[in-house]
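Read-outs throughout are calculated quantities, based only on the coordinates presented, and are distinct from any laboratory measurement. None of the values given here were measured: they were computed from a predicted structure. Virtual Cβ from ideal backbone geometry, glycine too; neighbours counted across all protein chains shown.
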Amino acid sequence: MKFTSTRNNKLRVSGSTAVLTGLAPDGGLYVPVEFPPVTEAEISAMAEMDYPERSALVMSKFFDELSLSELTDIARRAYSTFDGDPAPEVKLDEGLYVLELWHGKTHAFKDMALSVLPLLMTALKEKAGQKEICLIPVATSGDTGKAALEGFSDVGGTGVIVFYPDGGVSHTQRKQMVTTLGGNVRVVAVKGNFDDAQSAVKSAFGDKALQKRLAEIGCKMTGANSINLGRLAPQVAYYFSAYVDLLTSEQIQLGDKVDFCVPTGNFGNILAAYYAKRMGLPVGKLVCASNDNKVLTDFLESGVYSLDREFIKTTSPSMDILISSNLERLLFEFAARDSETVKEWMASLKTEGSYDVGAERLFEIREDFYGDFATCAECAETLGGIYEEYGYLCDPHTAVAFDVCAKYKSEVDSSSPIVVVSTASPVKFASTVLESVGEKAPSDDVKALEALEKSTAFPVPKSVYALFGMEERFNKVIEPTDLAREVEDFAASLVK
Ligand SMILES: *Cc1c(COP(=O)(O)O)cnc(C)c1O
């Protein structure tokens with residue numbers, strides 16, 4: 001399988017190049033030259049496979065430089081760090097299911113891909129004969145950071161430096177990151193919001209002088225953010241697995257369409273569902289759920305993507321994003337793979353702060369997608385409501401999805417079953433969860449976790465409590481303009 005760029009459809013690169021560079025040289029995102037089909041027979045065969053085997057089968061469609069057995073080995077090692085089934089599906093009601101993607105080490109869905117990516121990178125690096133250290137700067141809105149730190153910690157030939165918005169992540173998220181062990185990790189707070197941190201990381205990638213200085217000391221920058229194909233591919237896999245689980249539990253028959261409702265920020269998770277559909281999975285509607293930062297809701301309503309809005313801090317911080325990077329891959333498809341059109345839109349976003357895809361393309365996008373949003377108050381009410389009605393406790397991000405799922409069901413006449421994608425464990429957002437189920441939330445983190453466990457009987461893993469006794473290793477706060485210097489300083493510490 002070869003890959004091309006959303007900003008230059010003539011480009012052809014291997015899977016190794018795509019994964020090891022992250023971003024295309026023209027600033028575009030790597031996309032497969034065509035969607036590799038997964039046949040009905042293969043979907044049926046997945047019924048007999050465990051999760052790592054299903055994952056490896058889907059990933060093998062993208063990365064043919066690795067054998068199926070090498071990929072199975074990678075998936076097995078990656079998902080061995082999970083607590084039980086990596087992607088269990090829970091039935092709440094007739095036609096209503098939850099796909100839980102938070103049974104990994106950091107209790108959020110980023111683990112699904114970030115436990116695989118370091119192993120995929122090192123395997124592809126070996127095949128490609130790359131000698132340089134992979135230096136991985138990551139901008140995080142909260143969950144990616146810890147998942148990347150855990151995934152890469154002490155993986156030879158790699159180093160990861162995480163930038164998070166100062167004051168823009170939850171207590172638990174910050175604590176998880178700044179206590180990470182390992183000789184090849186660093187965590188830095190950046191003044192501003194997530195988009196400021198992400199923009200600064202993006203400009204470091206575009207900084208040729210920086211690349212040159214890094215090359216001189218034997219380092220090469222690689223993106224591990226959700227735009228990396230090595231993250232997208234493992235995410236496609238769980239949509240297949242979720243469908244197969246509905247088959248084996250006789251909830252559906254092969255060929256029946258299933259809708260998915262996805263709490264969305266950077267558009268990576270829901271894009272993976274769209275890729276699964278294009279590869280042959282019988283998917284109906286993809287319901288794109290946003291919080292108050294409803295740039296995607298407005299886009300799906302009007303065809304205009306506009307940054308002319310306030311950035312709002314919500315109770316679902318991992319979705320507090322205004323620039324949904326992975327949307328560019330979707331635009332590429334709906335522009336009939338014309339990279340010039342995508343380039344125009346992206347240029348307009350940069351200069352005007354908006355672009356307009358036009359009525360016709362919007363109509364086509366809406367054949368596949370439905371979008372709506374939930375306010376913080378609606379999110380809290382839905383979280384409490386789902387708990388009351390089904391005895392099912394979810395985190396605020398998942399509650400946003402439940403809220404939008406209900407709006408979709410009330411507005412659109414669809415008989416398809418719907419799977420709500422659950423992206424974090426309630427323990428990561430104990431205070432919000434407690435308040436949503438009508439309890440007082442103690443301001444102390446450990447007390448909040450204890451209260452959560454006491455009032456809802458939700459089992460809080462020991463590792464989460466242990467976190468609060470751990471030493472904080474990192475406390476630096478920088479301006480976005482100092483990010484490149486910080487990356488270079490970190491690189492120097494790696495090669496020492
Ligand atoms: C990252 C994240 C999201 C958003 O996923 P995208 O792929 O960026 O759209 C939603 N919920 C949680 C808990 C997350 O960590």
Handout entry: Nonlocal amide H pairs with residue 187, under 5 Å, H built at 1.01 Å
Key = 162
Completion exercise
So, relative contact order of the chain in percent, Cα under 8 Å, 6 or more apart, is 19
Practice task
Amide H neighbours of residue 420 under 5 Å, at least 5 residues apart or on other chains, H built in the peptide plane: list them.
Solution key: 97, 98, 99, 261
Fill in the blank from the handout: For region 395-480, Rg(Cα) over 2.2 N^0.38 Å is 1.45
Exercise for the section: Just report the Cα centroid separation between region 127-203 and region 1-18, whole Å. Expected result: 26
Problem - Sorted largest first, extent of region 253-295 alpha carbons per principal axis (Å) - result: 37, 16, 10
Completion exercise
A correct Karplus calculation of ³J(HN,Hα) over region 271-276, with 6.51 cos²θ - 1.76 cosθ + 1.60, θ = phi - 60°, whole Hz and x for Gly and Pro, returns 4, 4, 5, 5, 4, 4
Completion exercise
Per region 241-382, sqrt(5λ) over the Cα gyration tensor eigenvalues, sorted largest first, in Å, gives 27, 21, 11
Practice task
Using only Cα positions of region 298-346, each an equal point scatterer, no hydration layer, compute I(q)/I(0) via Debye at q = 0.16, 0.22, 0.24, 0.25 Å⁻¹ and quote the log10 values to two decimals.
Solution key: -0.56, -0.90, -1.00, -1.04
Fill in the blank from the handout: Length gained if residue 254 through residue 489 is fully extended, taking 0.36 nm per residue and subtracting the Cα-Cα distance, is 79.2 nm
Completion exercise
Stokes-Einstein, Kirkwood over Cα pairs, region 44-94, 10 °C, 1.306 mPa s; D in µm²/s equals 133
Exercise for the section: Considering only DSSP beta bridges where both residues belong to the chain, give the percentage that are antiparallel (nearest 5). Expected result: 30
Handout entry: Those Cys residues of the chain for which no other cysteine Cβ falls under 4.7 Å
Key = 134, 219, 288, 376, 379, 394
Problem - Cβ-placed point charges (K, R +1; D, E -1), dipole of region 372-496 about Cα centre in debye, nearest 20 - result: 420
Fill in the blank from the handout: Reduced to Cα centres, the span from region 95-125 to region 393-447 in Å works out to 20
Completion exercise
Of the residues 481, 448, 431, the Cα lying farthest along the dipole of region 336-494 towards its positive end, which is defined by charges on the beta carbon of Lys, Arg, Asp and Glu, belongs to 448
Practice task
Scan around residue 370 for amide H atoms under 5 Å from its own, H built in the peptide plane at 1.01 Å from N, and keep only partners 5 or more places away or cross-chain.
Solution key: 286, 287, 288
Problem - Alpha-carbon Debye profile of the chain, log10 I(q)/I(0) at 0.06 Å⁻¹ - result: -0.24
Completion exercise
With 0.36 nm assigned to each residue of separation and the Cα-Cα distance removed, residue 410 to residue 338 gains 22.3 nm
Fill in the blank from the handout: Taking N as the residue count of region 7-89, its alpha carbon Rg divided by 2.2 N^0.38 Å gives 1.28
Completion exercise
Sequence order, region 351-361: Karplus ³J(HN,Hα) from phi using 6.51 cos²θ - 1.76 cosθ + 1.60, θ = phi - 60°, Hz rounded, Gly and Pro as x, gives 8, 9, x, 6, 8, 10, 8, x, 4, 5, 5
Completion exercise
Here region 217-226 yields Karplus 3J(HN,Hα) values (6.51, -1.76, 1.60; θ = phi - 60°; whole Hz; Gly and Pro given as x) of 9, x, 10, 9, 6, 9, x, 10, 5, 5
Problem - Quotient of Cα Rg and 2.2 N^0.38 Å for region 245-316, N being how many residues it contains - result: 1.36
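Count neighbours as other Cβ atoms within 10 Å of each site's Cβ, and list the trypsin sites (Lys or Arg not before Pro) in region 57-141 that are DSSP loop with at most 16 such neighbours.
Answer by residue number: 131.
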Handout entry: Two-site FRET efficiency, residue 211 against residue 349, from Cβ-Cβ distance with R₀ of 30 Å, rounded to 0.05
Key = 0.80
Handout entry: Residues 4, 39, 398, 179, sorted so that the one with the fewest Cβ neighbours within 10 Å comes first
Key = 39, 179, 4, 398
